[in-house]
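Working notes for the structure below.
The values are calculated or read from the model by the stated rules, or taken from the named source; none is laboratory data. Everything numeric here is computed off the predicted structure, so don't read it as measured data. With ideal geometry, Cβ positions are generated from the backbone for all residues, glycine too; neighbour counts draw on all protein chains shown.
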Amino acid sequence: MEYGQLKVFGGRANTLLAKEICSNIGITPGEIKLTNFADKECRVQILENVRGADCFVVQPTSPPVNDNLMELLVIMDALTRASASRITAVIPYYGYGRQDKKDEPRVPITSRLVADLITISGANRVLTMDLHASQIQGFFRIPVDHLYARPVFLEHIKKMDIKDLVVVSPDTGGAERARSFAKRIPASMAIADKRRPMPNKASIMHIIGKVKDKNIIILDDIVDTAGTLVEVAKTLKIKGAKDIYAACTHGVLSADAVERINKSPLKQLMVSDSIDLEHLKDNKKIKIVSVAKLLGEAIIRAHNNSSINDLFL
């Protein structure tokens, strides 16, 4: 099925990533005007003809989460009312992804609510990356292409040529992610036994696996306050680890996370540009690796109705 001309529009959450995606696929970003009324309501105007076009909207729902989510919804509504033939929400970072289950009485499943909002606003499909929980794909009633930043990090880490490497998962929930990563380097694997007494607070109880006299890469999907990451790094140092690196897809880095990382035993934190971190490009401990090429390739394949299966590997 043909969906018309390919057009990529970027919201204000990560304009640089949207431009880099367009540069990689050889098109000009779609013309859009994004402003706010005096009361901070977002206002959207599409400045070019999109009738019959295949439109992709690049907008991670990163902090400020509610503002960026609302802007995504309004952009897609504008495209729907302008008669776009298909709309794909490109959400490199899916905010509210950690609220994916009822783990306490009388709490919402906000990930499902956000999925419904995205669908109702006009999205025909979703392209996202490293969801906090894979089952979030099932919250949508439309197709979801779930990519992984793993190939980008693997390429970067292999160039570093780190010897005696161990991939560490910061909790048992990330064990499969770490195992999959480790076998592609290849490297051995360890797991941190974490307890979380309250949100954004973590206590590391044990390290399962051999880390003494080994170089480490801690692998995670999200670094928010960096509390877990730093505590794992400290525990690994106590256990006799040598150089400690970390790789994380989504650098939320809220509160005093950057200061905490700078003072930590970490030698380097590798993080993707799924969230705009341009202000940290000169930070000596934080290395930003781009996923623009990966997302651009996925967009081209989706537009051409060709398989993107090998991008999941």
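Does any residue of segment 52-61 turn out to be of a type in the set (A, V, I, L, M, F, W, C) and in contact with a His (Cβ under 9 Å, 6 or more places away or on another chain)?
Taking segment 52-61 and keeping what is of a type in the set (A, V, I, L, M, F, W, C), we get 53, 55-58.
When the remaining residues are screened for being in contact with a His (Cβ under 9 Å, 6 or more places away or on another chain), the result is 56.
Scanning segment 52-61 turns up at least one residue that is of a type in the set (A, V, I, L, M, F, W, C) and in contact with a His (Cβ under 9 Å, 6 or more places away or on another chain).
Using the structure shown, decide if V271 is free of Cβ contacts under 8 Å to residues at least 60 places away in the same chain and within 16 Å of the chain's Cα centre (by Cα).
Judged against the criteria, V271 is a match.
Filter segment 143-176 down to residues that are closer than 12 Å to D221 by Cβ and hydroxyl-bearing (S, T, Y) and give me whichever is surrounded by the most Cβ atoms within 10 Å (Cβ to Cβ).
S169
Looking at segment 110-127, I want the residues that are under 13 Å from A78 (Cα atoms) and of a type outside the set (D, E, K, R) and have a partner that is part of a helix (DSSP H, G or I) and at pLDDT 95 or above with Cβ atoms under 6 Å, at least 6 apart or on another chain. Which pairs are those?
Going by the 6 Å Cβ cut-off, the qualifying pairs are S121/L73; S121/M76; S121/D77; G122/M76; G122/D77; G122/T80; A123/M76.
Report yes if some residue within segment 141-152 is touching a strand residue (DSSP E or B) at 6+ places or on another chain (Cβ under 9 Å) and among the hydroxyl-bearing types (S, T, Y); otherwise report no. Steps first, answer last, please.
Narrowing segment 141-152 to residues touching a strand residue (DSSP E or B) at 6+ places or on another chain (Cβ under 9 Å): 142-150, 152.
Next cut, among the hydroxyl-bearing types (S, T, Y) only: 148.
For segment 141-152, residues touching a strand residue (DSSP E or B) at 6+ places or on another chain (Cβ under 9 Å) and among the hydroxyl-bearing types (S, T, Y): present.
With the requirement that a residue be part of a strand (DSSP E or B) and polar (S, T, N, Q), what does segment 250-271 give you?
Q268
Take the residues in segment 274-306 that are of a type in the set (S, T, Y) and under 18 Å from the mean Cα position of the chain (by Cα); name whichever of them is surrounded by the fewest Cβ atoms within 10 Å (Cβ to Cβ).
Residue satisfying both the conditions and the ranking: S290.
Which of the numbered conditions does I288 fail, given that it passes all the others? Conditions: (1) under 22 Å from L165 (Cα atoms); (2) part of a helix (DSSP H, G or I); (3) of a type outside the set (D, E).
Here I288 meets the rest and fails (2).
Considering R51, R86, which residue is closer than 27 Å to Y148 by Cβ and basic (K, R)?
R86
Inside segment 248-260, can you point out the residues that are more than 14 Å from I217 (Cα to Cα) and either under 19 Å from the mean Cα position of the chain (by Cα) or not assigned by TED's automatic domain parsing to the domain that holds V232 (or both)?
Listed by number, the residues that qualify are H250, G251, V252, L253, S254, A255, A257, V258.
Would you tally the residues in segment 136-156 being under 21 Å from P108 (Cβ atoms) and charged (D, E, K, R)?
1
Table: residues versus (1) more than 19 Å from Q268 (Cα to Cα); (2) modelled with pLDDT under 90; (3) not assigned by TED's automatic domain parsing to the domain that holds Q268.
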residue: V167; (1), (2), (3): no, no, no
residue: P170; (1), (2), (3): no, no, no
residue: R177; (1), (2), (3): yes, no, no
residue: S180; (1), (2), (3): yes, no, no
residue: P197; (1), (2), (3): yes, yes, no
residue: S203; (1), (2), (3): yes, yes, no
residue: N215; (1), (2), (3): no, no, no
residue: I222; (1), (2), (3): no, no, no
residue: A226; (1), (2), (3): no, no, no
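Please go through segment 78-110 and give me each residue that is acidic (D, E) and surrounded by fewer than 16 Cβ atoms within 10 Å (Cβ to Cβ), ordered by number. Full working, then the answer.
We begin by selecting, within segment 78-110, every residue acidic (D, E); these are 100, 103-104.
Within segment 78-110, D103, E104 qualify.
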